[in-house]
Each structure stands twice: as C-alpha cells, then as structure tokens.
Amino acid sequence: MNIKNLFIWLLEHIYGYNVFLPDEDDYNDNDDSDEPVDPAVTLKHQLYSTRLYIPLLIITLYILTFVAVVSPQNQSISVSDITPVLFNELYRDHADTLSCPCSTIAVPYGKIVSHMISFHPVCSSTYVSKEWIQALYLSYASSLLVMDFRTTAKSQFELLAAFCSISQETVFQSLVDVENEQFVTS
C-alpha cells in the first residue's frame, strides 16, 4: 500500500465516518407524520452531524486543555509553626503573594500572657527563715537521743528552705525565659 492509496483510504474513512450509527428502527416509518423517511436523507444528516460534531469536540478539548495548562494555579498554604527566620525566608521567596493577617508577626509572650504563681505557704513562713533555723541550733544536740527531733530539726528545716529557694529560683527563671520568648503569628 503506497502513500497515495493510504491517503485515499483515510479520506474515504473520514468522509464516511458516522458517529450516529442508525439502529434498525431509525429507517422505519414509526413517526406520527405521514411522510415516509428516506434512509439516504437520514444517513446524509447523520454524516453532516458527525462532520460538525468531531471538529467541535476537538476544538472544545483543545480549549479546555489549553486553559488548564496556561492558567496559573494559585495555592494557599498555611504555616502554623512559623519562626521569624522562616517568615523572612518565605517573604524573600514569595513577597508578592505572601499574606499575613496580622500587622505584627512576633509578640513577646510577656505582653499577651499573664500568670499568677503561688507556692506552698510553708515557703513564705517563718519556718524557712534564717532566724528560725539558727534558733533550732543546739550545741548539746549530740548528747540527745537519736530519736529526739531536736537533734535533726536544724538540718531538716535547712533542707526545706533549700527546696523552697530552688523551686522559686527555677520558676522565676522559667518565667523570665517565657516572657522573653516570641509568639509568632501566622
């Protein structure tokens, strides 16, 4: 089969292609009208419809593909755990499309968080004061029985005062750290 015959065969198939293939009942006279339906006319209309339908289908698919490929796709991405470094990087890369609903992106926690800390009342009582602990010192404590509370009272209250002092220092240092932390809005 040479190229000329292939071209002729292709044209004949394209020219004779009918998408609307008739059923057996399409040529029968089942209409309410009294005019008989000519099968040649019906076939001719079907071929014309096919020749109109195929190019319109191709053009429509081309337009839809073109619009899908060419139109820019906007993507909205929300970042919840943002740091000032990440915000600066995003701003550098996407300055024209980056949006932040807040006027300030970072606020110190100290401006938005309030706290009320309470320690056990014993930590603020006289039982942890230096005067109380010194008053418990007994020079003759070694001559008392081991089971006597007075032999270890000074050491126990010193230990209690140390626990209170360490806990207060730890909490206050943590507060300073939290108040200086930045709350970054997205």
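Exactly one residue out of Val122, Val113 is modelled with pLDDT under 80 and under 30 Å from Phe163 (Cβ atoms), and it is Val113. Can you tell me which residue in the range 144-186 is farthest from Ile77 (Cα to Cα), limited to those that are among the hydroxyl-bearing types (Ser, Thr, Tyr) and in a helix (DSSP H, G or I)? My answer is Thr151. Residues in the range 118-132 that are surrounded by 13 or more Cβ atoms within 10 Å (Cβ to Cβ) and of a type in the set (Gly, Ala, Ser): Ser124, Ser129. Taken over the range 63-105, the criterion of being modelled with pLDDT under 75 and closer than 16 Å to Gln182 by Cβ is satisfied by Ser80, Asp81, Ile82, Thr83, Cys100, Cys102, Ser103, Thr104, Ile105.
Scanning the range 110-128 for residues that are free of Cβ contacts under 8 Å to residues at least 24 places away in the same chain and more than 23 Å from Ser174 (Cα to Cα) yields a count of 2.
Contact annotation: residue pairs with Cβ atoms under 6 Å, 6 or more positions apart or on different chains, pairing a residue in the range 58-82 that is under 23 Å from His94 (Cα atoms) with a partner that is aliphatic (A, V, I, L, M), are Ile82/Val184.
Pairs are defined by a Cβ separation below 7 Å, a sequence spacing of at least 6 or placement on different chains, a first member in the range 163-177 that is small (Gly, Ala, Ser), and a second member that is surrounded by 10 or more Cβ atoms within 10 Å (Cβ to Cβ); the pairs so defined are Ser167/Phe119. The residues listed here are Leu86, Leu90; of these, the one that is in contact with a strand residue (DSSP E or B) (Cβ under 9 Å, 6 or more places away or on another chain), part of a helix (DSSP H, G or I) and of a type in the set (A, V, I, L, M, F, W, C) is Leu86.
The values are calculated or read from the model by the stated rules, or taken from the named source; none is laboratory data. These numbers were taken from a predicted model, which means no experiment stands behind them. For neighbour counting, all protein chains shown are included, and Cβ atoms are generated from backbone atoms with ideal geometry for every residue, glycine included.
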